[in-house]
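Comments concern the structure below.
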Amino acid sequence: MEVHNRYVSLKNHINEAPSESDLEIKTTTLSLEPKEGSGDVIVKNLYLSIDPYQVNRMKFYSSSQETSSFSQRLPLGQAIDANGVGEVVASDNAGYKKGDLVAALIGWEEYTNIHGGGGVFRKIESTEFPLSYHVGVLGLSGFTAYAGFQYVCKPKKGDKVFVSTASGSVGSMVGQYAKLAGCYTVGCAGSKKKVDLLKDKLGFDEAFNYRDEPDLKATVKRYFPDGIDIYFDNVGGEMLEAAVANMNVFGRIGVCGAISEYTDSTKRAAPDTLAIIYKRITIQGFLAADYLQSYSEFIKDTSNYLRQGEIHVLEDISLGLESLPSAFVGLFRGDNVGKKIVQVIHD
């Protein structure tokens, strides 16, 4: 049996900000009968993760393309691989059967053939939480926040924590983990609505709209008169410079992303090197994959927080594969609140 399989592919390589016209939806056929002995698992995709880092894979060149297999430059015309949740519809793999729900490296497409089953992260054994949670809060976005904050930033009770892009998929979780760790927590976001959400729903001690602040160093100083112990960086650029200027001695900076630099090559951060030296600041980039041995611990802890109502979930879900180009481009306009997800609609 074959199905028509729609997928999103890259039409043109880019240099700066993406546009919807850089992506196109194409159709191919896919057999739902895996070859005997292949170990393949065929998945009907249900929820797809939309992440800013993909823009660096779309570029003619980015230094990130040389560092790991999942960040390599995308070929034109092919389905774009991405994290998501799906249902197994056929399997030649003893580890998976029809009907299993899986969190996996699938694709921006309706169906994915996971060759050898190697792209499956885990089975979803329980339906206690919505399936979309396994893309965001219980998926790699949540794990990135958990691992980066716990193992890179190494929080202590009473630490003063600053989070950029605090209403995004990772930042919103970092802020909540910080509060659970007993830290004073301040976030920044790009609108009054998002600022209010950080304080009123997520429990941040303070938050500010960076678009309203012409002098970021002075603004950060206003919110941290006694300095910053931990800065969780999702932005790079001027915000990183402002954080370094206000860090305490032996402060820790976890560098998760640099979204301000992804689409504007003129916004490269130039933090004060002398401040880094004399304050003995630790700045560490990281990838969630560095800490996968702690994934089960993350699932256990975060599931408990969800059950107890101690973590609030922010999701921004678009419907249908045809919404994906707009959903992706919207990340760079700040359209999303929380984890951006596309729900695939099947006839």
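Some points to look at:
- Total residues in the stretch 211-247, condition assigned to a strand (DSSP E or B) and either crowded, with 24+ Cβ neighbours inside 10 Å or of a type in the set (S, T, N, Q) (or both): 6
- So Gly116, is it free of Cβ contacts under 8 Å to residues at least 60 places away in the same chain, farther than 17 Å from Ser169 by Cβ and surrounded by fewer than 17 Cβ atoms within 10 Å (Cβ to Cβ): no
- Meets criteria (of a type in the set (Asp, Glu) and in contact with a Gly (Cβ under 8 Å, 6 or more places away or on another chain)) for Asp92: yes
- Exclusive hit being crowded, with 19+ Cβ neighbours inside 10 Å, assigned to a strand (DSSP E or B) and free of Cβ contacts under 8 Å to residues at least 40 places away in the same chain, set Phe208, Phe250: Phe208
- Inspection of the stretch 51-68 finds a residue satisfying the criterion of being in the same structural domain as Arg122 (by TED's automatic domain parsing), within 22 Å of Leu140 (Cβ to Cβ), surrounded by fewer than 18 Cβ atoms within 10 Å (Cβ to Cβ) and not hydroxyl-bearing (Ser, Thr, Tyr).
- Filter result for Phe129 (in contact with a Phe, Trp or Tyr (Cβ under 9 Å, 6 or more places away or on another chain) and modelled with pLDDT of 95 or more): no
Per-residue answers, yes or no, for (1) under 30 Å from Tyr305 (Cα atoms); (2) over 20 Å from the mean Cα position of the chain (by Cα); (3) at pLDDT 95 or above:
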| residue | (1), (2), (3) |
| --- | --- |
| Val55 | no, no, yes |
| Tyr61 | no, yes, no |
| Pro75 | no, yes, yes |
| Gly86 | yes, no, yes |
| Gly107 | yes, no, yes |
| Glu125 | yes, yes, no |
| His134 | yes, no, yes |
| Ser141 | yes, no, yes |
| Ala145 | yes, no, yes |
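- Take the conditions (1) more than 23 Å from Ala147 (Cβ to Cβ); (2) in a helix (DSSP H, G or I); (3) under 20 Å from the mean Cα position of the chain (by Cα); Asp264 misses just one of them, which is (2).
The values are calculated or read from the model by the stated rules, or taken from the named source; none is laboratory data. Treat the numbers as computed from the prediction; the structure is a model and nothing was measured. Note that we place each Cβ from the backbone using ideal geometry, even for glycine, and neighbour counts take in every protein chain shown.
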